[in-house]
Amino acid sequence: MTDFETSCTIVVMPDDATIDSRAAIREQYKTPVNFNARVRLHGRFSTNKVSGGMFSWIFDQIQAPPNARVLELGSGTALFWRANQNRIPPGWRITLSDFSAGMLADVRANVAAIPHAFSFMQIDAQALPFDDHSFDAVVANHMLYHVPDKPRALREIRRVLVPGARCYAATMGRSNMREFTAMTQRFIGISMGRAAEQFGLETGFDYIRPVFSKVEVRRFDDALEVTEAQPLIDYIESTRIGRNATADQKAALKEYAEAEIRARGSLHFTKDTGILIATA
Ligand SMILES: C[S@@+](CC[C@H](N)C(=O)[O-])C[C@H]1O[C@@H](n2cnc3c(N)ncnc32)[C@H](O)[C@@H]1O
């Protein structure tokens, strides 16, 4: 299996740059290296093996006309389009965007083999360089928790959508990876994974409600059963907090993970993920 095939079922926890400065977020996403380490853990150990994974499920939720103009914000490494490459309606005019030049370069390379024409733009979700009512759908997966001024980004998204069109924003709920949060708290002294407080299924709902005419939450049933300790350590080290943890802290965490896996066969992590669908 390629990295991509194993990564189709992801819902990746963001780096805790989520709660850091804009500079830290830019640093985290300067290139896809850190993001890919987190994708790998979810790709390998997610229990929901539905074909195409969560990105295929999100695609199923999209309602847009055959000739839709579609904008994706924070495209990352284009996982969404690679997971759905065989069913993109030929009439869709798709703009892929990210505020990171490094991620956008990866996006271009990753969609090159998909038989569909895409446009690319380096843009910040808080200031969309488009006229009002320019799009029939906006996709903003796993990225709004990074945006400093969320109401502004949401107002921008609503402005560029035609009335009645939808924004699809995948994110996680408060109980997502709660065992992981407890584990990092115990061994590193800091609880990683607080994105749900920034823009999660619960908090995001509250941000969207005043801006859009309707908002709906749909959840995707999944969990992680991790059977190897090292990918967990790689995941932790892909984050700023993890890199700052001491070697002793990481060794203790790894030892704990290995003992649990020996005793129980796997380490279980709850996943609480889904999408917010906002109607303009
Ligand atoms: C966790 S990744 C998600 C990537 C992709 N949407 C996915 O689901 O696989 C977050 C992405 O959002 C981008 N991003 C963060 N803040 C942004 C902003 N204010 N405007 C546009 N993109 C942003 C990052 O560069 C990164 O590529």
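The values are calculated or read from the model by the stated rules, or taken from the named source; none is laboratory data. Model, not experiment: these values are computed from the prediction. Every residue, glycine as well, gets a Cβ built from its backbone with ideal geometry; the counts of neighbours run over all protein chains shown. Areas reflect the complete protein model, heavy atoms only, side chains present, ligands, DNA and RNA absent. Shrake-Rupley method; radii C 1.70, N 1.55, O 1.52, S 1.80 Å.
Table for the structure above
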item: Rel. contact order, % - alpha carbon contacts under 8 angstrom, at least six apart, region 49-207; result: 20 percent
item: Positive dipole terminus of region 131-280, leading residue within F269, V226, F199 (C-beta point charges); result: F199
item: Share of alpha-carbon pairs per 5 Å distance bin for the chain, given as whole %; result: 1, 6, 13, 18, 20, 17, 13, 7, 4, 2, 1, 0
item: Choice from D248, D221, D124 showing the highest fluctuation, given a GNM over the chain with Cα pairs closer than 10 Å; result: D248
item: Cα-based shape type of region 131-192, given that a ≥ b ≥ c are square roots of the gyration tensor eigenvalues and the cut on a/c is 1.5; result: prolate
item: Charge tally in the Cβ shell below 14 Å around R186, where Lys, Arg are +1 and Asp, Glu are -1, R186 excluded; result: -1
item: Over region 63-169, equivalent-ellipsoid semi-axes from the Cα gyration tensor in Å; result: 20, 17, 11
item: Per residue accessible area of the chain, 1.4 Å probe, in Å²; result: 41 Å²
item: HN-Hα J in Hz across region 99-112 - Karplus 6.51, -1.76, 1.60, θ = phi - 60°, x for Gly and Pro; result: 7, 9, 4, x, 5, 5, 5, 5, 4, 3, 5, 6, 9, 4
item: Carbon plus sulfur fraction of accessible area for the chain, probe 1.4 Å, in percent; result: 50 percent
item: Gyration tensor over alpha-carbon atoms, region 175-224, equivalent ellipsoid semi-axes in Å; result: 28, 14, 4
item: Neighbourhood charge, 12 Å Cβ-Cβ cut-off, centred on E228 and excluding it, Lys, Arg +1 and Asp, Glu -1; result: 0
item: Whole-number percent relative contact order across the chain, with pairs defined as alpha carbons under 8 Å at least 6 apart; result: 22 percent
item: Among beta bridges that DSSP assigns inside the chain, antiparallel share in %, nearest 5; result: 55 percent
item: Using θ = phi - 60° and Karplus 6.51 cos²θ - 1.76 cosθ + 1.60, couplings along region 197-206 (whole Hz; Gly, Pro as x); result: 6, 7, 7, x, 5, 8, 5, x, 4, 5
item: Amide H contacts under 5 Å for V139, placed H, 5+ residues apart; result: L71, E72, L73, Y168
item: Lys/Arg +1, Asp/Glu -1 at C-beta; the chain dipole; positive extreme among H133, V217, P32; result: H133
item: Point-charge dipole on Cβ atoms (K/R +1, D/E -1) for the chain, about Cα centre, debye to 20; result: 360 debye
item: Other-chain or far-sequence residues with amide H under 5 Å of M177's (modelled H); result: T270, K271, D272
item: Amide H within-cut-off set for L201, under 5 Å, with H built and near neighbours excluded; result: M172, G173, R174
